[in-house]
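Just below is one structure, and these are the notes that go with it.
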Amino acid sequence: MLYSNPITDNILSWFFYLFGITFPIYALIGLIGIKGFLAITRYEKGDSFLYRLNPVTKLTLGLVVMIIASITIWWVGAILTVIGLGLYLTLNNGKRKFLLGLYLAFSSIIGTSWGLAGFTPPDILHLAFGNYNPVVIWVWPSYFAVMGYVHFMTLQAMEYAFQVSMRTTPIFIYSLILVMTSTPSQIVRALSKVKIPIEVIFSLVIAMRSLPRIFEAMDTSVKMQFIKGRGYNSSKFTMPIYTLIGAFYAMVPTMIYLLRGAKYTQISADTRAFRAYKDRTYLNDIKFTESDYVIMGVLLAGIILALFAITMGYGRGIPYVGY
């Protein structure tokens, strides 16, 4: 070990532990911010091909990406993440959303990698890497076992955790495409056509409508706190900390706002005779276009290629090192 002093080891261990918890949150607040989350969780009108796709196609896109990323080798997930971020450039105000998506991917990778590495037991690493020679990069104090930490942190554990992050990150990126390019009304109409239960559709739409409202209410509450003096004379480095504290205090006002809004959601549904009839009628019907069939063909080809890659040894139930 590079550090043999017990006091130094304990201090650094707690620093690494707190870094894994706070850095991803700090990065999200400092780089993306509440306004950034609002921008990538609500619909904005645009004219690219993603806005013209049927919501069912975009939902299928997210599901196929999740399946491919989970059954193939880790670098396939990395490629899918890069492609997904490239699609952000086609959206309304694409450059900003690309940067926000990049920050989200970065925070997801760091948070997942650092958070999982300390808890990965040697048995899993043996399955993932075969007969490997562990390279110890840190030794946690013995009492960290109470929190579930494996005593020895190895380079292979960090690599394993990074590979796992490549399985989860593309799911976040592609899921937001549906939210940013489809209105709740479009989703209801499209999913109703494919006979998805209306209860499931309604729950999905309520979640989509509530998410941007949460960030909007929280942003307003945090700004009110800053107007009253919170974070006065703070630097750019400490501003995210004050924003995080303000977001914590904004939870109660945000919950009250959402609970009050639930009443208006009920009134809106009743006004539109929601569930009054078994089937719904539509003024503007949503159909599958040529672009939808092209994307569906690409997704089908992606599934076939993923299955072929598995037969060639590029996919397992757990991440592993390729060539």
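Structural remarks
- Reduced Cα scattering model of the chain, Debye log10 I(q)/I(0), q = 0.08, 0.12, 0.14 Å⁻¹: -0.49, -1.03, -1.24
- In this simple spin-label model, placing a label point 7 Å from the Cα along the Cα-to-Cβ direction at both Asn233 and Thr220 gives a separation of 3.2 nm.
- Over all projection directions, the Cα-based convex hull of segment 194-272 averages an area of 7.2 nm².
- By the Stokes-Einstein formula, at 1.567 mPa s and 4 °C, segment 59-126 with its Kirkwood radius over alpha-carbon pairs has D equal to 94 µm²/s.
- The eigenvalues of the Cα gyration tensor, multiplied by 5 and square-rooted, give segment 81-167 an equivalent ellipsoid with semi-axes of 34, 15, 8 Å from largest to smallest.
- Among the chymotrypsin sites (Phe, Trp or Tyr not before Pro) within segment 93-134, those in coil by DSSP and having at most 16 neighbouring Cβ atoms inside 10 Å are Phe119, Tyr132.
- The long axis of helix 55-71 is offset from the longest Cα principal axis of the chain by roughly 20 degrees.
- Cβ-Cβ distance of Leu259 and Ser185, R₀ of 22 Å, FRET efficiency by 1/(1 + (r/R0)^6): the value works out to about 0.40.
- Most tightly packed first, judged by the mean number of other beta-carbon atoms within 10 Å of their residues, the peptides 48-59, 237-248 read 48-59, 237-248.
- Modelled label positions at Val200 and Ile25, each set 7 Å beyond Cα in the direction of Cβ, lie 3.5 nm from each other.
- Accessible area per residue for the chain, computed on protein heavy atoms with a 1.4 Å probe, is 58 Å².
- Of the trypsin sites (Lys or Arg not before Pro) in segment 184-242, those whose Cβ has at most 13 other Cβ within 10 Å and which sit in DSSP loop: Lys195, Lys228, Lys236
- Counted charge near Tyr88, where neighbours are those whose Cβ lies closer than 12 Å (Asp, Glu -1; Lys, Arg +1): +3
- Ordering Phe226, Ile196, Ser268 by Cα displacement along the dipole of segment 194-272 toward the positive end leaves Phe226 in first place; charges were set at the Cβ atoms of Lys, Arg (+1) and Asp, Glu (-1).
- Stretched out straight at 0.36 nm per residue, the stretch from Arg213 to Thr289 would grow longer than its current Cα-Cα span by 24.2 nm.
- 0 to 90° range, to nearest 10: angle between helix 184-193 axis and the chain longest Cα axis: 80 degrees
- Helix 6-27 and the longest principal axis of the C-alpha atoms of the chain enclose an angle of approximately 10°.
- Cβ-placed point charges (K, R +1; D, E -1), dipole of the chain about Cα centre in debye, nearest 20: 1240 debye
- Between His151 and Ser48, the contour length at 0.36 nm per residue exceeds the Cα-Cα span by 32.0 nm.
- When a 1.4 Å probe is rolled over the protein heavy atoms, the share of accessible surface on segment 194-272 that falls to carbon and sulfur comes to 67 percent.
The values are calculated or read from the model by the stated rules, or taken from the named source; none is laboratory data. This is a predicted model, so every value here is computed, not measured. Positions of Cβ are backbone-derived with ideal geometry, glycine not excepted, and every protein chain shown enters the neighbour counts. Heads up: the accessible areas ignore ligands, DNA and RNA and are worked out on the full protein's heavy atoms, side chains in. Shrake-Rupley method; radii C 1.70, N 1.55, O 1.52, S 1.80 Å.
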